[in-house]
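In what follows, a single structure is set out as structure tokens and then discussed.
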Amino acid sequence: HGYVVSWYGEPGMDATIYTPTVDFRFRNDTDAFLLVDPEVDAVGGSMTFNLYGTKPARQVTISEPLITDIEEPGVASYQVDEALARGEIEQVEWPKEGMSVQIERTIVEAGTTRTDTITSYYQPWRAIYLVGPGTDVPDATAGG
């Protein structure tokens, strides 16, 4: 996903699958098998993957996210929806700031320390409203 989604976790710490792009992947770098056990919650609309395997002999720490380059979301967009009545307004997207986020992952294994810096960029996302035909909206943003 290209923008911050608050219920996915802290910026820089989230991982999401977004069709049609494969944007989350991982590699089993151990010599042991890994069991991937999916759980589907059709009612709640979620999927969870439980991972089971041999615990590797390493310690991993992750820093707090460092947030920089905050960008405001911009003006709201009002788009005419013929299915709505005059004067009716329905918000379908909520504004989110854009930002760059860095985290550091430190791995200590067999007396060796490795630190990786992981950078994520989230684009700003403006509010979007659907409005019925003839509804008064701010002039600068009408039409989308």
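Spin-label model, Ile70 to Val108: label points 7 Å out along the Cα-to-beta-carbon direction sit 3.4 nm apart. In the stretch 71-144, the alpha-carbon atoms span a convex hull of 87 Å³ per residue.
The label-point distance for Thr119 and Glu90, in a model that sets each label 7 Å from Cα toward Cβ, rounds to 4.1 nm.
Each Lys and Arg Cβ is given +1 and each Asp and Glu Cβ -1; about its Cα centre, the stretch 28-144 then shows a dipole of about 400 debye. In this label model, Phe33 and Asp81 are separated by 4.9 nm, measuring between points 7 Å along each Cα→Cβ vector. One chain, two ends: Asp41 and Arg58. Fully extended at 0.36 nm per residue, the span grows by 2.9 nm beyond their Cα-Cα distance.
In the stretch 6-141, the convex hull through the Cα atoms has an average projected area of 12.2 nm², a quarter of its surface area.
Across the options Tyr122, Val101, Asn28, the greatest Cα extent toward the positive end of the charge dipole of the stretch 6-141 (unit charges at beta carbon of Lys, Arg, Asp, Glu) belongs to Asn28.
Readers should treat all values here as calculations from the given coordinates under stated rules, not as data from a laboratory. A quick note: this is a predicted structure, and the numbers were derived from the prediction, not measured. Don't worry about glycine lacking a Cβ; one is built from the backbone with ideal geometry, like all the others, and counts go over all protein chains shown.
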